[in-house]
């Protein structure tokens, strides 16, 4: 392990054990600011997008680049991979959503919109694709739902099953809850909304963050019954998909761009930092360009991992629990693998409970 990349902010020697088992195994560069990272369901591939108009796919175990997908003519803001790792979808500043064959790199379908696409996400079985469009040039932000044929050789339809118009505050992120029951969206005004995924009806809207502080990320638990939001107001919140109740709150000392929930262990990882436009005047330590680990239940910050020299735009956890990856405005994708000590780490109360059960 190279201690150069590890920064520990600990309260006790017990907590200090956690991030001593987090090893940076790769730092791959996309040359322009990385916007989003996604693992596939098996955790062996990482997909990343940046402002350089190319989608990259990397091996998760060593960070080696497997290939690229070419076709967009604008910065790419978002990417997602279906549950079978057969297809990926991407959204771009060229006002399109594109569907790709993972294996061959072939573009299967292009859907055009009047404004940029800021978010895409497949549902649990990969038969529906959600997209979030930008509010610009007189057009309101929309959440659109597209049907997907899982056969890569089939002709995809232009039909849109659903269009939700966000006329009060534009949607910045959105995703599918468990069993495709709800669409949960985060907004520019700091609120979160719950929509009926079949009809598009607005069921609830709750202002969970400070007013007019945009939500930049929304990621799901493994079972999609709750999600975590990352906001410019320097907080991340764990939110129930059923009734939008705030379950946990994770305060930070810098604006947050991304947050993810780790499987296997009860941790969340937050990423952010000083705004990109101010980075050239700030040292890395002052810019707070670290990935921050919090205990999901107790809400304590238990460690930080350094390495980026620009704000973190995206963090993602391996669905198998073996690693996490971060992407920054510096253009790097950093992959970190967890060793045995990470899995052994527990709070005293957790250890006592485990001993009682055993």
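Nearest 0.05, what FRET efficiency do residue 149 and residue 64 give at R0 = 41 Å with Cβ-Cβ as r? Intermediate values should be presented prior to the final figure.
Numbers: r = 31 Å, r/R0 = 0.77.
The computed FRET efficiency comes out at 0.85.
Need one number: nm distance between label points at residue 178 and residue 42, each 7 Å from Cα along Cα→Cβ, rounded to one decimal.
2.7
What angle do you read, to the nearest 10 degrees and between 0 and 90, between the alpha-carbon axis of helix 348-357 and the longest principal axis of the chain?
Between helix and principal axis, roughly 80 degrees.
Running a GNM on the chain with Cα contacts under 10 Å, which residue among 216, 298, 289 ends up with the highest mean-square fluctuation?
Ranking 216, 298, 289 by mean-square fluctuation puts 298 first.
Going by how many other beta carbons lie within 10 Å of each one, how would you line up 231, 107, fewest first? Don't jump to the answer; show the numbers that get you there.
On the way: 231 26, 107 15.
In increasing order of surrounding Cβ atoms, one gets 107, 231.
For the chain, modelled as a GNM with alpha-carbon contacts under 10 angstrom, which of 155, 197, 185 fluctuates the most?
155
Order by neighbour count: 137, 346, fewest other Cβ atoms within 10 Å first, most last.
Numbers: 137 7, 346 16.
In increasing order of surrounding Cβ atoms, one gets 137, 346.
Describe numerically, in nm with one decimal, the distance between label points set 7 Å from Cα along Cα→Cβ at residue 320 and at residue 196.
4.1
Between 113, 293, 47, find the one with the highest GNM mean-square fluctuation for the chain; connect C-alpha pairs within less than 10 Å.
113
Take residue 275, project a point 7 Å from its Cα along the Cβ direction, then tell me which residues of segment 314-358 have their backbone nitrogen under 14 Å from it.
none
Quick check: the distance between the Cα centres of segment 82-102 and segment 173-216, to the nearest angstrom?
Here the answer is 22 Å between Cα centres.
Fewest Cβ neighbours within 10 Å first, please rank 247, 312, 128, 32 accordingly.
Numbers: 247 13, 312 29, 128 19, 32 16.
Ascending number of Cβ neighbours within 10 Å: 247, 32, 128, 312.
Rounded to the nearest 0.05, what FRET efficiency do residue 137 and residue 212 give with R0 = 25 Å and r taken as the Cβ-Cβ distance? Could you check?
Numbers: r = 21 Å, r/R0 = 0.86.
FRET efficiency, residue 137 to residue 212: 0.70.
Give me the extension gain from residue 264 to residue 339: residue separation times 0.36 nm, minus the current Cα-Cα distance, reported in nm with one decimal.
25.7 nm
Summing -39500 (n - 2.57) over the DSSP H runs of n ≥ 4 in the chain and dividing by its residue number, what mean residue ellipticity at 222 nm do you reach, to the nearest 500 deg cm²/dmol? Mind dumping the intermediate values first?
Working: 4 runs with 23 residues, N = 358.
Helix-only estimate at 222 nm: -1500 deg cm²/dmol.
Here, each number is a calculation from the coordinates, and none is a lab measurement. What you see is a predicted model; the values in this text were computed from it and never measured. Reconstructed Cβ throughout: ideal geometry from the backbone, glycine too, with neighbour counts over all protein chains shown.
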